[in-house]
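Only one structure is covered here, and it is reproduced in the block below.
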Amino acid sequence: MLSSDEKNDYWEYFWDNGQTYTGSGTDANNCIGTDAVDVTVNALPIIDAGVDQDVCDGDDVMLSGSGAGAGGIYNWDNGVIDGVSFTPGATTTYTVSGTDANNCIGTDAVDVTVNALPTAVITDSTNPNCLSDSNGNATVLASGGTPGYNYLWSGGLGPTLQTVSGLNAGTYSVTVTDAKGCDCLLYTSPSPR
């Protein structure tokens, strides 16, 4: 740094280019002073927010940034805390800023898609004639979520069938899973007539 004790000094500064900057100052008496400073330009960290995720409504997600090196600090938007599970309420793009040991900051983003759950109802059921009969049936109708539904009935009853038959009196469950892997569960209880 060039300086002077005299009042009303006149200084002009000239800087060269490169990583070392040299400054020259000329005062009112044409005296020249110089000084140099080294400037280090650190590369920005390449931050990775992870891969985009598809989840079912109500599922937890954990987002973790990387790329800021040892001691790196990661700050997410939307109230997300790095490495802590949370339940997203809607499809959202989350952005993380990673700060490395040189206080350089890089960013990245990840999309979290929240898929709606399917719904299902028993649309038709026939009760068995008598307590010992196995002639009841039930049909489930799925909607919502992502079409391409699979049905899993309790008791080994036709794992992919929308309608099951040959039911005894009792309680049966069916899990409906859509094309995105989101599911719902419902019960039916055919009773003897």
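The values are calculated or read from the model by the stated rules, or taken from the named source; none is laboratory data. Because the structure is predicted, anything quoted here is derived from the model rather than measured. Methodologically, a virtual Cβ is constructed for each residue, glycine included, from the backbone with ideal geometry; neighbour enumeration extends over all protein chains shown. In case anyone asks, the SASA skips ligands and DNA or RNA and just uses the protein heavy atoms, side chains included. Shrake-Rupley method; radii C 1.70, N 1.55, O 1.52, S 1.80 Å.
Karplus-derived 3J(HN,Hα) values for region 160-165, using 6.51 cos²θ - 1.76 cosθ + 1.60 with θ = phi - 60°, are 10, 8, 6, 10, 10, 9 Hz; glycine and proline are entered as x.
Taking the protein heavy atoms of the chain in the context of the full set of protein chains, the accessible area attributed to carbon and sulfur is 50 percent at 1.4 Å. The distance between label points at Asn150 and Val84 comes to 3.6 nm (points 7 Å beyond Cα on the Cα→Cβ vector).
How much length is gained if the chain between Ala109 and Asn30 is pulled fully straight, taking 0.36 nm per residue apart and subtracting their Cα-Cα distance, in nm to one decimal?
On the way: separation 79, 0.36 × 79 = 28.44 nm, distance 5.60 nm.
Using 0.36 nm per residue and subtracting the Cα-Cα distance, I get 22.8 nm.
Rolling a 1.4 angstrom probe over the protein heavy atoms with all chains in place gives region 61-137 an accessible area of 52 Å² per residue.
Here the peptides 118-127, 38-47, 94-103 are ranked by packing, the mean other Cβ count within 10 Å, and the order with the highest first is 94-103, 118-127, 38-47.
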